Each structure stands twice: as structure tokens, then as C-alpha cells.
1. What is the one condition in (1) out of contact with any Leu (no Cβ under 6 Å at 6 or more places or on another chain); (2) touching a residue at least 12 places away in the same chain (Cβ under 8 Å); (3) closer than 27 Å to residue 36 by Cβ that residue 132 does not satisfy?
2. Checking the condition crowded, with 16+ Cβ neighbours inside 10 Å, under 14 Å from the mean Cα position of the chain (by Cα) and under 20 Å from residue 201 (Cα atoms), which residue from 8, 18 passes?
3. Taking the conditions exactly as written (in contact with a Lys or Arg (Cβ under 6 Å, 6 or more places away or on another chain) and either more than 19 Å from residue 163 (Cβ to Cβ) or modelled with pLDDT under 80 (or both)), does residue 36 satisfy them or not?
4. In segment 183-205, how many are closer than 18 Å to residue 172 by Cβ and either part of a loop (DSSP other than H, G, I, E, B) or basic (Lys, Arg) (or both)?
5. Answer with yes or no whether residue 20 is on the phi < 0 side of the Ramachandran plot, in a strand (DSSP E or B) and either at pLDDT below 95 or of a type outside the set (Lys, Arg) (or both).
6. Restrict the check to segment 36-43 and report whether at least one residue is surrounded by 14 or more Cβ atoms within 10 Å (Cβ to Cβ) and either over 14 Å from residue 157 (Cα atoms) or aromatic (Phe, Trp, Tyr) (or both).
Amino acid sequence: MKLTFSPASPFARKVRIAAIELGLIDKIEFVPVSVVPGQPNDEYSRDISPLKKLPVLILDDGSVILDSYVIVEYLDDLAGGGKLIPASGAARWKVKTDHSILQGVLDSMLLCRYEKMVRPKEFYWQAWHDDHWNRAWAGMARFEKQDDALSRPLDMIQIALTCVLGYADFRFPDCGWRKAYPKLNAFHEKMLQRPSVKISLPPTA
């Protein structure tokens, strides 16, 4: 299998952590891909992902699996099922719903970064930026109150939350989430002790 990724992508990091935790990391070849807003990548769009998103898992038969959650779901099934994502019942739908929130938090943070770093200054939209930042902030606030999600055995939500907090550190180091959300801070410090989380940290330069 091959995984298209960028070391800076929190979505790809999610898959990397899951692959390590599931014992599948040695079965995946990581293929760096540059996907830059406003710049075409015709070959990638044509052959891999028409949405030009990372990551994508390319199976040995050439078929592709898109979306970080779907990829982790596939890997979890490959590892026997029910390890990071509950196999059935109410717990499964809770995990899927919580993950959708965390995915939205990452999407909003990414849009905030694009608004400041990519959009021409004369077109900068402060209200748009603030709206998306408030969504991300409210998403973190929700998980600050979910003691069970922060303390139960490792699952998909803990991995996704770790990637959210790591991306906040990486791209918004002065946003103050650690002071605002002490339970999330303690959770993140605990997660940083896991080799899979340390190995997958985004680049510092």
C-alpha cells in the first residue's frame, strides 16, 4: 500500500499514528505530495484525488481510499476490526460523530491559516477568519468537557484530538489553547509519551 502525505498535514498524521498503533506501518509506503492552494497539480487530481486532498491510500490493486477517517477505518478492519473504531452499536456512532466534529475543527483551522497566509491582503476577510476560529475554539471546548474521551483506552477520537492539538501548536503557537483548556493540555502531554505521536510530529522548520 502507498499513502500520499505531507509531514505538515494533520490529516495524514492521523493515519500515520493509527498505522503505527495497529502494527501496519511497515506495510505502507509513504509518498510525499505537494498540494498547495491556488497551484494546480494536474497529475494528482487526474490519477489520485480529484479533490486534491491528502492523504489518499493507494491499494496494491491500484484502487484508492480517500479521507483520513475512511483510511483509518480500512486499516482498523485490516488489523481485525474494533481496535480504534467500535465495530457496532451506539459507541460506533458516537465515535463517528465526534470525529466529524474534530475533522471540522481541523478544516476551520486550515481555512484560518489560508485566509492569513495565502489570500491576497486586499481580499482578507476578518469576519470569515474569526467565524472559523470560533468554530475551532468551540470544538476544543466541547472535548475539554468530555472526561471519558480523554481517559479511555486509545481510540480514533484520541488520535484525531491529538492531531487537532498538535496542529494548533504547529500553526497557531500563540493561540493560548493550553491555558484555556487545561484538561486538553494534560491529555496532550500524556499522548506525547506515545512513540507514534512523537514520531509523527510535524516539522519544526
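The values are calculated or read from the model by the stated rules, or taken from the named source; none is laboratory data. Quick caveat, the model's predicted, so the values are computed rather than measured. All Cβ positions, even for glycine, are placed from backbone atoms using ideal geometry, and neighbour counts span all protein chains on display.
1. Answer for residue 132: the failing condition is (1).
2. Criteria check complete, one pass: 18.
3. Taking the combined requirement at face value, the residue does not satisfy it.
4. 6
5. no
6. Checked against the condition, which is being surrounded by 14 or more Cβ atoms within 10 Å (Cβ to Cβ) and either over 14 Å from residue 157 (Cα atoms) or aromatic (Phe, Trp, Tyr) (or both), segment 36-43 yields at least one hit.
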